[in-house]
Amino acid sequence: MTTFSYQFTKGPWTGKSTFPTGIFIDNEFVESNSTIDVVNPSTGQLITKISEAKLEHVDIAVKAAQRAFDTTWGLNASGETRQQLLYDLATLMERDADELASLEALDNGKTFSWARGTDVASSISTIKYYAGWASKIHGSTIETDERKFAYVRKEPKGAFIWALWCASYRGTSQPLLMMAWKIGPALAAGCTVLLKPSEFTPLTALRMCSLIKEAGFPPGVVNVLVGYGPTTGQALSEHMGISKVAFTGSTLVGRKIMAAASKSNLKDVTLELGGKSPNVIFDDADLDQAVSWAAHGIFWNHGQACCAGSRIFVQAGIYDRFLAALTEKAKAIRVGDPFDPNVDQGPQVSQLQYDRIMGYIDSGRKDGATVHLGGNRIGTEGYFIEPTIFTDTRPDMKIVEEEIFGPVGVVVKFTDEQDVIRQANDTLYGLAAAVFTKDITKAIETAHKLHAGTVWVNCVNQLHVQIPFGGYKQSGIGRELGENALDNYLNVKAVHINLGHTM
Ligand code: NAD
């Protein structure tokens, strides 16, 4: 059986982490005859080898999830039971929070302090929040006439949810948090889960398997299969036994999943995809605050954030001062070992992602944009990239149009207030947007005109477990978080009872 065993020595937590890394089906770890290499993004060196889920494991896991749904979960587990188990899971995550944060820093490259303070803390809050919902899912009665009793009830959407999440600052950006966003509402709603984590950042999901078992979830309720996208991922998307797919990842792969779902059993699909979020900064904004938030917007999580504010539009009156101050902020970002408490930015998640980002930087140069800051690799090992700012861009450049998923932003000067809305909306994405101004009327008008599922006013990247999050346009379908996320996993059934109508 593949097992992970690692003594952490560099961070604030210096414990030893040991857990099985087989394929998790029916609360047991199953061996595979092939493995996946897990690489440390800080060094490019192998951390461990984990079992690779193959096609045969998909069928076995689907059967396990179906069995659990029909016997111990779904409509067979009361809301109170589901609530207690989710709460117990959150308690175990609290107990092991330092270990989970250390694993995230090792595997994903994000700083330990950010992983501990944000990813792990928010994951625990998410599980607790949906624990609360598990006992509060209810339908309604609908008054029609006195000879009919009609009601609507909510039932778990199906035996299986396949949730997977991305591989960068999310997959490699927020692997644990993305898992919590999926399993929280799915389990609260009574669905059983097949989870396919990113092959690049599987460690926290595999550690969670042991906690799920320890919390007492019945076998088959959560199954975790780490495999490659075009094989295991594709097989899950096409599987006739899976009724729902909830996916977080790139728009490219989201499109493939939707196609596979439509060609098989018309699975219900929710998609949380990419973004190229605009950040509109008006002349009357609080300059210091706008600069600090804008830097956070693009450089937070190494730019590996679906909602990264990667297009920064600045009004002409403050453009020069804004750019100078943003440059200083970016220069002050300390890039290095994610376990060093003085470091702000770790490595990008993988060689693949590093190559993609450097490719975009090259294309910006070739297209004639100015590399105002950065643009280079840092060091000779690992996947570290300088915080990078481009200016003198055109709307048709790849660096302006496409999601880079790295610490690379474009800063664009604007004069006309109407035109900046047009430019901000001129993208196939619509995940998030931000506006900075002291004029509340202008703020609200702009927020309403921006085509995005989330608009921040005088801040960026603010997410809250109670507030829905998701995309317009090609940034996705459906919403995560808040009460809305439960709907992803619930069917609505209408029941009509005849109290005296005769034929
Ligand atoms: P990705 O799309 O490359 O991979 C995501 C997952 O899809 C992986 O698990 C991969 O194995 C799987 N996959 C690949 N090919 C597949 C196929 N043919 N069928 C089924 N599955 C397949 O994304 P990534 O690089 O891991 O993550 C980065 C992307 O995720 C970015 O675009 C980012 O914006 C997005 N993201 C969105 C949100 C959101 O909430 N909207 C959150 C985080 C990340």
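Here the Karplus curve 6.51 cos²θ - 1.76 cosθ + 1.60, taken at θ = phi - 60°, turns the phi angles of region 113-123 into couplings of 5, 6, 4, 6, x, 10, 4, 5, 4, 5, 5 Hz, with x standing for Gly and Pro. Between residue 39 and 47, the built amide H atoms are under 5 Å apart, and every one of these is 5 or more places off in sequence or on another chain. The spacing between region 24-86 and region 240-287, judged by their C-alpha centroids, is 23 Å.
Under 5 Å from the amide H of residue 15 lie the amide H atoms of 8, each residue being 5 or more positions distant or on a separate chain, with H modelled from the backbone and absent for Pro and chain starts. Amide hydrogen proximity for residue 139: with H placed 1.01 Å from N in the peptide plane, the residues at 5 or more positions away or on another chain lying under 5 Å are 154. Length available on full extension from residue 340 to residue 264: 0.36 nm per residue minus the Cα-Cα distance, which gives 22.6 nm. DSSP beta bridges confined to the chain are antiparallel in about 50 percent of cases. Neighbour counts of C-beta atoms inside 10 Å place 271, 499, 203 in the sequence 499, 271, 203, starting with the fewest. Farthest toward the positive end of the dipole of region 214-277, out of 222, 259, 249, is the Cα of 259, where the dipole comes from beta carbon charges about the Cα centre. Under the convention that each Lys and Arg Cβ holds +1 and each Asp and Glu Cβ holds -1, the size of the dipole of region 165-246 around its Cα centre is about 120 debye. Just so you know, the Cα atoms of region 344-503 work out to an Rg and Dmax of 21.6, 82 Å.
Residues in region 321-336 carry Karplus couplings, in order, of 5, 4, 5, 4, 6, 5, 4, 4, 4, 5, 5, 7, 5, 8, 9, x Hz; the curve used is 6.51 cos²θ - 1.76 cosθ + 1.60 with θ = phi - 60°, and Gly or Pro positions show x. Think of region 278-464 as a dipole: +1 on every Lys or Arg Cβ, -1 on every Asp or Glu Cβ, centred on the Cα centre; then among 397, 452, 296, 397 lies furthest on the positive end.
Using Cα-Cα distances under 8 Å and only pairs 6 or more residues apart, what relative contact order does region 278-464 have, in percent? Could the numbers behind the result be given before it?
Working: 354 pairs, mean separation 52.9, N = 187.
Relative contact order comes out at 28 percent.
Phi-derived couplings, Karplus 6.51 cos²θ - 1.76 cosθ + 1.60 at θ = phi - 60°, listed residue by residue for region 478-488: x, 10, 9, 6, x, 5, 3, 5, 4, 4, 4 Hz, with x used for Gly and Pro.
With only Cα atoms counted, the chain has Rg and Dmax values of 23.3, 82 Å. With R₀ fixed at 30 Å, the C-beta to C-beta distance from residue 91 to residue 70 puts the FRET efficiency at about 0.60. Return one number: the angle in degrees, 0 to 90 and rounded to the nearest 10, between the long axis of the Cα atoms of helix 97-108 and the longest principal axis of the Cα atoms of the chain. Taking Cα atoms only, the helix is inclined about 60 degrees.
Ranking of 99, 94, 80 by neighbouring Cβ atoms within 10 Å, starting from the fewest: 80, 94, 99.
Could you calculate the FRET efficiency of residue 331 with residue 143 from 1/(1 + (r/R0)^6), where r is the beta carbon distance between them and R0 is 51 Å, rounded to 0.05? According to the calculation, E is roughly 0.20. Taking the Cα centre of the chain as the origin and placing charges on Cβ (Lys, Arg +1; Asp, Glu -1), which of 173, 8, 384 is farthest toward the positive end of the dipole? Result: 173, furthest along the dipole toward the positive end. Treating r as the C-beta distance of residue 9 and residue 228 and R0 as 41 Å, the FRET efficiency rounds to 0.85. Sequence gap of 8 or more, or different chains, plus Cα separation below 23 Å: how many lysine pairs satisfy both in region 249-361? So the count works out to 4.
Counting beta carbons within 10 Å around each of 503, 358, 1 and listing the fewest first gives the order 503, 1, 358.
The alpha carbon centroids of region 89-139 and region 328-350 are separated by 23 Å. With 0.36 nm allotted per residue and the present C-alpha distance subtracted, the residue 458-residue 33 stretch has 147.8 nm of extension available.
A simple charge model with +1 on the Cβ of Lys and Arg, -1 on the Cβ of Asp and Glu and nothing else charged puts the dipole of region 351-503 at about 200 debye relative to its Cα centre. Pairing the Cα long axis of helix 175-189 with the longest principal axis of the chain, what angle in degrees results, from 0 to 90 and rounded to the nearest 10? Once rounded, the angle reads 30 degrees. Basic side chains Lys and Arg get +1 at the Cβ, acidic Asp and Glu get -1 at the Cβ, and with that the dipole of the chain about its Cα centre reaches some 740 debye.
Throughout, read-outs are computed from the coordinates displayed, never taken from laboratory work. Everything quoted here is computed from the prediction, not taken from an experiment. Here Cβ is always computed from backbone atoms with ideal geometry, including for glycine, and neighbour counts include all displayed protein chains.
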